[in-house]
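In what follows, a single structure is set out as structure tokens and then discussed.
Taken together, the values in this text are just the output of simple stated rules run on the coordinates, not laboratory data. Computed from a prediction, not measured in an experiment: that's the story for all the values here. As a convention, Cβ positions derive from the backbone with ideal geometry for all residues, glycine included, and neighbour counts pool all protein chains shown.
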Amino acid sequence: MPKIKSIIELKETISQQIKLRNENDKTVLTVSAGTCGRARGSLKVIESLNKVIKEKKLEGKIQVKNTGCHGFCEAEPNIIIRPQNIFYQHVQPEDAESIITETALNNKIIDKLIYSDPVTGQAMPQESDISFYAKQERIVMGDNALIDPTDINDYFAIRGYNSLGTVLKSMNPEDVIETIIASGIRGRGGAGFPTGSKWKFARNAKADIKYIICNADEGDPGAYMDRSLMEGNPHRVLEGMIIGAYAIGATEGYIYVRMEYPLALKNITIALEQARKLGLLGDAILGSEFNFDIHVFKGAGSFVSGEETSLMASIEGRRAQPRQRPPFPAQSGLWGKPTNINNVETWGNIPIIIDRGSDWFAGIGTESSKGTKIFSLVGKINNTGLVEVPMGITLREIIYDIGGGIPGDKEFKAVQTGGPSGGCIPKEKLDLPVDYESLAEAGSIMGSGGMIVMDEETCMVDVARYFLQFTREESCGKCVPCRIGTRQMVEILNRITRGEGRGSDIKKLEELAKTIKAGSLCGLGQTSPNPVLTTLRYFREEYEDHIYKKSCKALACKNLICYYIEPEKCIGCQLCKKSCPVDAIIGKRKEVHVIDHELCIKCGACFDVCPPKVRAVSKYTGEKKEKILKKASAGRVNK
């Protein structure tokens, strides 16, 4: 395709690609082939489908489209067959022939590939019927299932770059900024600062050079929203950045991507090359006086690099450490020049706001939290994946209506929002609206969108220890409250989970948390105590059990549990004995076996191979523990 030299040519190109798509009478098999899909074998599925199409000479009737993540990671590899909109899950290469001959050609449903609701058991062949998608509003992620991320023509076919043409033709920079302000969009990277106001500060800053940055240093455990958007729809992110650069007067941009995202790096690099070749980046974009280009910077995977001043230090070749603010990046950022930083999801919203209008966007969500938010829904949940929901939806709707509830009919206990810097919200707050203010009042944060679900078998003390250990290891060490305070808190939590807790530990944790929040230099330190503070707030009795009773009711802390074999059920099969790595199980074949608690290392191998006979019990002190173990009651001891 030749270079697009004007806005008129751009509009014609978009119209032509939309027309070609509408006239395409082929059956299209869109295969989810993001990172999670590939991990489950989607590339082999694509290979098998193409092989069958070639063998049966069906190239003119059926097309296989390699797309990004569709969001429903639990169902990977999955296929959507269009125009019928039939959804198949857990597709294997050997299913290729039946999918083509039975469904693509004859509209016959293959029962074994249909999704069944985990709660009702109802079969749902249509994508629109599936409960996982029904309550979502996929305005940013939805197009992932429609386009090949390496083909810019596919992006044109969904009105891609139309917003850029509109901006350059009929809007001055101030108009763009006012539109973004009116939309009410707030940054999707964590703090939730109003995006339009941020742009206005950078626009008003006086300098010969200005920069914009896309923060794609997504480092929260269990979070992969930005990765999937870059993998599945990179041009939407680029278009948002180009519009943002025009608005603030930037001539150069950076996408800061962590090296652990090879597919995202590949697709964003391809997209950049295509945009440059067509004249959407570079000098005199679309025949205008606007010059702008984007570079990719590969980050080394430091969590603290997600903090904007640390990120800029990294681009400049220095160690990723935050600095004091003010001055803010909009005043003095990259190389001392005014800089605007937004994350991937924020940039991805910009073309949609321009295209559909600020009033439309502001009509989604709540009074203070507009639009949709993408969450990575993971943990003890039936439907794991990426969900895009309107702000203000409740936790209950996300976890039960979209997520399908807790596996094994276990009880929901808590959900961690906002990644390691967020808080744990208990079941009593399941009807909490998901917006910036409500989450903050509950002691958590929106963050970039991590959402980790926990069931009744989760130890909240251990959860707090895990997340705080993560932030301690990721601390840059520049300021004392974060460097020393988090280490001291982790030491206390380690001691508590080992059964060595002291009566003063809870008070000490609260004092340290307040000091770290008040004295840390950046957001990593200021929010790092949140998991501890929220678990103390909502699950204080678990801390008290660990400290005073030496008991972990969730049976998660090894030093606080004992394994035993029920003598009434043991048949002497020796499965448990063979699995024990330290020979802590005594007993001959066909005789009742006994666990030597002096040798037992609490690895749980015996429980894994023989759960009907091997049981675990909270480790109580004194006579109560001995009585329980001696009795060896049938069934798992009530936690």
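Values as computed for the structure displayed
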| read-out | value |
| --- | --- |
| Segment GLU456-GLN126, extension gain: residue separation times 0.36 nm, minus the distance between their alpha carbons | 115.5 nm |
| Given charges at Cβ of Lys, Arg, Asp, Glu: the chain dipole, positive-most of VAL52, THR417, PRO390 | THR417 |
| The stretch 12-130, dipole about Cα centre (Lys/Arg Cβ +1, Asp/Glu Cβ -1), debye to the nearest 20 | 400 |
| Computed lengthening from GLU591 to LYS5, 0.36 nm per intervening residue step minus Cα-Cα distance | 202.4 nm |
| Cα centroid separation, the stretch 419-455 to the stretch 240-255 (Å) | 32 |
| Residue (of ALA362, LEU430, MET312) at the positive-pole extreme of the stretch 309-441, dipole from beta-carbon charges | MET312 |
| Ranked by how many other beta carbons lie within 10 Å on average, peptides 315-327, 186-198 from highest | 186-198, 315-327 |
| Dipole magnitude of the chain about its Cα centre (Cβ charges: Lys, Arg +1; Asp, Glu -1), debye to nearest 20 | 1900 |
| Residue-averaged [θ]222 nm for the chain, counting only DSSP H segments that reach four residues, each worth -39500 (n - 2.57) | -10500 deg cm²/dmol |
| Residues whose placed amide H lies under 5 Å from that of LYS65, excluding near-sequence neighbours | LEU29, THR30, VAL31 |
| Counting DSSP beta bridges with both ends in the stretch 1-149, the antiparallel % (nearest 5) | 60 |
| Distance (nanometres) between label positions extended 7 Å along Cα→Cβ at ARG498 and GLU511 | 2.2 |
| Burial order of peptide ranges 538-550, 296-308, 582-594 (average beta-carbon count within 10 Å, highest first) | 296-308, 538-550, 582-594 |
| J(HN,Hα) series, the stretch 562-576, from Karplus relation 6.51 cos²θ - 1.76 cosθ + 1.60, nearest Hz, glycine and proline x | 10, 9, 8, 10, 6, x, 5, 9, 5, 10, x, 6, 6, 4, 5 |
| Calculated on alpha-carbon atoms, Rg and Dmax of the stretch 461-549 in Å | 12.1, 38 |
| Mean separation of Cα contacts under 8 Å, 6 or more apart, over the residue count of the chain: relative contact order % | 11 |
| FRET efficiency estimate (nearest 0.05) - Cβ-Cβ, ALA182 to SER98, R0 45 angstrom | 0.30 |
| SER368/ALA300 FRET efficiency (R0 30 Å; Cβ-Cβ; nearest 0.05) | 0.25 |
| Listed residue (LEU524, PRO481, PHE539) projecting farthest to the positive dipole end of the stretch 461-549, Cβ model | PRO481 |
| Relative contact order [Cα under 8 Å, 6+ residues apart], the stretch 461-549, whole percent | 38 |
| Cα gyration tensor shape of the stretch 1-71, rounded if a/c is under 1.5, else prolate or oblate by comparing a/b with b/c | oblate |
| DSSP beta bridges in the stretch 244-317 [antiparallel fraction, %, rounded to 5] | 10 |
| ARG540-ASN172 pseudo-label distance in nm [points 7 Å out on the Cα-to-Cβ vector] | 5.9 |
| Sequence ranges 199-211, 109-121, ranked by mean other-Cβ count within 10 angstrom, highest first | 199-211, 109-121 |
| Relative contact order (%) - criterion: Cα under 8 Å, at least six apart; region: the stretch 1-66 | 41 |
| Under 5 Å, built H, 5+ apart or other chain: amide partners of THR384 | GLU74 |
| Spatial separation of Cα centroids for the stretch 330-400 and the stretch 31-71, in angstrom | 30 |
| Antiparallel DSSP beta bridges within the chain, percent to nearest 5 | 55 |
| Contour excess over end-to-end distance, with Cα ends at ASP208 and LYS112 and 0.36 nm allotted per residue | 28.3 nm |
